[in-house]
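To keep things clear, I will list the structure first and then write my remarks on it.
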Amino acid sequence: MTTFRVGSASDVGQVRSNNQDSKLVSDGVGVYAVADGMGGHQGGEVASAIAIETLEAIITDPTTPSVVEAVKEANRRIFSRAADSTELRGMGTTLVAIALVNQGTDEEEVAWVNVGDSRAYLLRDQELHQLSRDHSLVEDLRRGGQLSDEEAAVHPQRNILTRALGIDHDVEVDTGAVVPLQGDRFLLCSDGLFNEVDRATLIAVLSEGDDPDAIATELVRLANAGGGRDNITCVVADVVDDGGRAERAAAAVTIAGETGTVPEDGDPAPTREMPAVAADEEATEVADAPTSAAPPSTDPGLGPPPPPPPPPPAAEGVPPAEDAPPAEGSFPAPPDPGFPDGEDDDDGPIDADLPFGRSTTDLYEDLDHAGGRHKVVTALVALIVLAAIAGAAYLGLSWYADRTVFLGTDGDEVVVYRGTPGGFLVFDPSVEERTDLTLEDLEDEVADDVQAEREFDSVDDALSRVNSGRVRDEPEEEPTTTTTEADSSTTGSEKPSSGPTTTTAP
Ligand code: MN
């Protein structure tokens, strides 16, 4: 019988005015979650709260399918709530959760589910493994090789999600499972943590102490110390009893050798992204070939340097969806993540008792049991996933592009744009509201905001900013101005805002 000891902490951070993160610590059921909401007004708070409330209400006897279904139900509830309300339109949330699931007698596992860029980590034997994969544009670029780990960690656009709850009526949910061992420490967190606290610090803090509440509190403190630019939420779940499984697994790992090791450096990817893996593989093979074929230099240091290998082909070459998934044997060298990837399930040495014995593909195992359908199912899944990735990417990007409003000028007129300043990818900003004002009608501070294309959470916020800085239209509302009232009144009456005569370069 697996027993957890769980602690948690959440904080608004140093910059934001409200905390849009939510968390779930449900010891009775054995479900733990973090949700990071987003969307103007109260949308983010509402979305993350609905996600957490739905998990809490629906999951009574967790199984992997039931947890996945609860996440999908949460998605539907957020989506329909957003559709019903102009105030909440566009709200969304991430959701990452773990649950103790029973696979039969004495076959307990910790299943994880993820949508978005909150994370599930596992610290085991002083090593930190990221179980979940971020659904973000930057993570896609990193996995495609266009960004290094270091570049991705500080990329200014790393908050662009490719998947979130509440954006569409259906959502794809990543899932996997690990067999919990005594001493395991799971961490669920929002991006407010790992954007402020580097990996080494994370490992150091997680490796010390036996009070999960204190650990969670310390992590939040460090994130605040690092800048606290976002809401910060941590749930720390320690496996304090595993019914003796650790000892049995240790024996099994010794026998099985390498295959029982946990994945390296947070790359236990769900195996659904066949296209991306195949693209990586091609790039690796082409890039490697000339190097190995080059004649060995017999004159080191004197001869001309060997020609550099040609650049790898563009990674856009997604293989046709009709293709069967790449054969297991054709994968390049990367370390065996220990996650069976479907083709491996039946003949691989992976033992369910080993730490990382299961993966996403287990969701489809029931179908496989009908016999001989694995490839068909997998190919179908790959096809669906391809479409889902494309669709989710577009929705996510357009959602991102339109999630903010900003001030700017259209000709001379100050207007509120919806979109991203300068446009984002193919999404150009559009004029949302006109003001009939020019920069000349505004106090310098507000005019600066307009010229800087300052962003706001809502049109109302942007308009009230403009209205707060009107110098010529409503002199009676300028009690704090340093000029005299007489001056203001005179100026105001001389020059109504409806007749701007000056021109100002935007
Ligand atoms: Mn966040």
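The values are calculated or read from the model by the stated rules, or taken from the named source; none is laboratory data. What you see is a predicted model, and the numbers here were worked out from it, not measured in a lab. Using ideal geometry, Cβ is built from the backbone for each residue, glycine included, and neighbour counts are taken over all protein chains shown. Remember, those area values only see protein heavy atoms, side chains included, never the ligands or the DNA or RNA. Shrake-Rupley method; radii C 1.70, N 1.55, O 1.52, S 1.80 Å.
For E139, indicate whether it is within 15 Å of the ligand (Cβ to nearest atom) and acidic (D, E).
Against the criterion (within 15 Å of the ligand (Cβ to nearest atom) and acidic (D, E)), E139 qualifies.
Condition test on V110, is it assigned to a strand (DSSP E or B), more than 16 Å from the ligand (Cβ to nearest atom), touching a residue at least 40 places away in the same chain (Cβ under 8 Å) and aliphatic (A, V, I, L, M)?
Judged against the criteria, V110 is a match.
For segment 404-422, state whether one or more residues are modelled with pLDDT under 80 and hydrophobic (A, V, I, L, M, F, W, C).
no
Given the conditions (1) within 15 Å of the ligand (Cβ to nearest atom); (2) open to solvent by 10 Å² or more (accessible area, probe 1.4 Å), report the number of the one that G116 does not fulfil.
(2)
How many residues, within segment 30-71, are farther than 20 Å from C189 by Cα and away from the ligand (no atom under 15 Å from the Cβ)?
Here the count works out to 13.
Tally up the residues in segment 123-167 that are open to solvent by 50 Å² or more (accessible area, probe 1.4 Å) and not hydrophobic (A, V, I, L, M, F, W, C), please.
15
Would it be correct to say that E109 is acidic (D, E) and either touching a helix residue (DSSP H, G or I) at 6+ places or on another chain (Cβ under 6 Å) or open to solvent by less than 20 Å² (accessible area, probe 1.4 Å) (or both)?
yes
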